[in-house]
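What follows is one structure encoded as structure tokens, with my remarks underneath.
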């Protein structure tokens, strides 16, 4: 497997508090990789560190083998890494159309068929109807669709998805997860941070489990047993009980 | 009659204040910072313009055409070299840094241009007036008002309909999220400050033509800009424009009641708005 | 094994003794010092007081004001009116005049606290400007011509020196000593928490709004005290001098260069400002350019100021406000 994006002994944190202690992570083109772990395990921190939102050393993150760690977020976008952030983070006061346009106007050079607003609307038809609505008037699920659309319009080669199912009705979660294969179908790699472990296992080819800032399990999603996951998820001492 | 004349004079004065206020509203809207040198930059540009007219023998409109790009360059430089370092949640660093710069700038102007008041010769346009109904209205103040209206409309259109405007609104809504979709906040900020100080090029030319300027006048222009922005309500350029009109009218009417009360009337209206409608006149909710 | 909380350090004890001696020295000045020295010390005390009050506002309260001259002017004018117009004993009037800034601070805070961060600062400036204009137009204070404190001629120079020195010592005791006591009290923990992170402090049960309000009023009174003492010694007041931007200017310079959020920084900054003003003030504009650029540089690059730089080498606070947990070995409890 060729590696698109990887981290090497990545350490990061907030102020004096270190949240990640040496993460080795890799993802190839078109691959879907899930990151699971309890709250505070460091999943979001890892995405933020990759995205350049936290200070890290240059060689801790590589894209196509080139060091990109600590580059400004907008530079990461331009080199093909985009994020669907936790909490959606839409631009309040702007319409659905404007939110999407900001992203497409600052996108990376597309590889293959570029994402257009039209294609995003085909993926989530409800957004076409709401194009002129200010985003704060949308439902949570619709807001999540805008956020994913924004991520896609950045024309990423790797899309980092931070808890895109959080707070949504099961039907909406299914709807969103159903479109993900269309994204990876054209070679975009997906990193899914997901609370729902079985959903993460089903949606991904490989998964990493984080515990207290360290990777405790890594492997093919289909091959990993429930026992392995719960041991990795809660820590060895807990599993031995 | 007396009062109508006062109101008209006030609106015309408001045209000048609107040109101060636009840039401040823009900068606060996107960065949540106040550039304390805002007023001093008006004076600096005006003094540069006056010296330019003196040395190169150019007319006021050429001065205007020169000052706007100079202002934009100063603004860009100010943001790149200084303000980008202090943008953030804590208001203290940006305030104190620009406060210090303001003192340095005022005194540097004092060294270069002395404390004398100066003005920009307008080639007779200052005396021209037109008859509108029963009133005589100065041509220059009318030009200033029209210019202010066009600048406000233009800035509003830029914010609504251009790629830059969208990126600026995105950055003011959530700067980190904007960076995550590829917007470079520092570039957006630098352009915003360039626009803000570029507009001050208009304000400087007209201020120097309409009345006089001296190195220590800057704080007053800063305060007028600030009052206009707060009266009108934060976050909208037309709000700042209308706030400037209300400030101008308050001062003009106050001046008619008692010449010593003119400026104070503006402050009183500002405080009254803060007491009664703190979100400003044109903001829907706080 | 048990723990006890240590709040005093050796350096703190030494500083307390030095401080008490300094206050005694100031009070004793009329019997040994020259008129010029007494005047200088009173001026320095006023600078320290105004700066320390700004430090409490900006350094702990998160309230950046550029309009503290409002309270300098209001208290000083109140004192002049009481003493000169109403015939109250000037030294009593200094005390009574503090009611004015205290009362005025209440509506000012209630109006301005609605403004976000930097707009609050410019708002305080507008208030100071408005008050300057009111004083300029007010017949009671003789308008723009200003007032003279002619009643002071009924006292001998020695009597005036005694009162001035005593008031300067009292001013320092109230503003610096008061701040120190406040920071060491249980409010001090709340204030320090607020300085470091207002949002977190609020979630820990600190009533941030109420604390800010109280600090604003207290700082107004402290600043007013300095104003009343300063202009009592000057014997003359005009609206531009009373409501001068220079008060904000010097407070900001002293606190920023000395080190914001520390009392030590204010003392260091005030001494630097005082001597800079004395030695280089004659250069006028060029001197102020340097002063402005120093403030700018501090805000950009050395936010912790000179005291912060010094503390990196020797951590011996003069006014310790930290609580240190000390383990007591071999204790049965």
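List of remarks:
- Semi-axes of the equivalent ellipsoid for the range B:101-241, Cα gyration tensor, largest first, Å: 33, 23, 13
- Number of partner chain Cβ atoms within 10 Å, mean per residue of C:282-290: 4
- Segments B:6-12, C:70-76, A:223-229, C:259-265 sorted - mean Cβ within 10 Å per residue, highest first: C:70-76, C:259-265, B:6-12, A:223-229
- Only DSSP H runs of four or more residues enter the estimate; each adds -39500 (n - 2.57), and after division by the residues of chain B the mean residue ellipticity at 222 nm equals -25000 deg cm²/dmol.
- Mean per-residue shielding of peptide A:147-154 is 2, counting Cβ atoms of other chains within 10 Å of each Cβ.
- At an R0 of 35 angstrom, the distance between the Cβ atoms of residue B:157 and residue A:174 translates into a FRET efficiency of 0.25.
- Relative to the dominant Cα principal axis of chain C, helix C:245-258 is inclined by about 20°.
- Gained length - residue C:37 relative to residue C:157, 0.36 nm times residue gap less alpha-carbon distance: 41.8 nm
- Per-residue Cβ neighbour counts within 10 Å put C:114, B:160, C:184, A:150 in the sequence B:160, C:114, C:184, A:150, beginning with the fewest.
- Placing a label point 7 Å from the Cα of residue C:166 along the Cα-to-Cβ direction, the residues of the range C:1-41 with a backbone N closer than 18 Å are C:23-33, C:38-39.
- Applying 1/(1 + (r/R0)^6) with r as the Cβ-Cβ distance of residue A:118 and residue A:220 and R0 = 22 angstrom yields a FRET efficiency of 0.05.
- Put in order of Cβ neighbour count within 10 Å, fewest first, the listed residues B:99, A:234 become A:234, B:99.
- Rounded tilt (10° steps) of C:285-301 against the dominant C-alpha axis of chain C: 20 degrees
- Of the beta bridges in the protein assembly as shown, as assigned by DSSP with both residues counted there, near 65 percent are antiparallel.
- Estimated [θ] at 222 nm from DSSP helical runs (n ≥ 4, -39500 (n - 2.57)) normalised by residues in chain A, nearest 500: -10000 deg cm²/dmol
- Computed [θ] at 222 nm, deg cm²/dmol, chain C (DSSP H ≥ 4; -39,500 (n - 2.57); rounded to nearest 500): -21500 deg cm²/dmol
- Pairwise centroid distance, computed over Cα atoms, of the range B:105-135 with the range A:157-221, Å: 66 Å
- Working from label points 7 Å from Cα in the Cα-to-Cβ sense, the residue A:228 to residue A:2 distance is 2.8 nm.
- Spin-label pair residue C:27/residue C:313, simplified geometry with 7 Å Cα→Cβ offset, distance in nm: 3.6 nm
- In terms of other Cβ atoms within 10 Å, C:88, C:254, A:36 run from fewest to most in the order C:88, A:36, C:254.
- Note on A:70-81: average number of Cβ atoms from other chains within 10 Å of each residue's Cβ is 3.
- Sequence ranges C:215-222, A:115-122, C:288-295, ranked by mean other-Cβ count within 10 angstrom, highest first: C:215-222, C:288-295, A:115-122
None of the figures in this text is laboratory data; all of them are computed from the coordinates on show. Treat the numbers as computed from the prediction; the structure is a model and nothing was measured. Don't worry about glycine lacking a Cβ; one is built from the backbone with ideal geometry, like all the others, and counts go over all protein chains shown.
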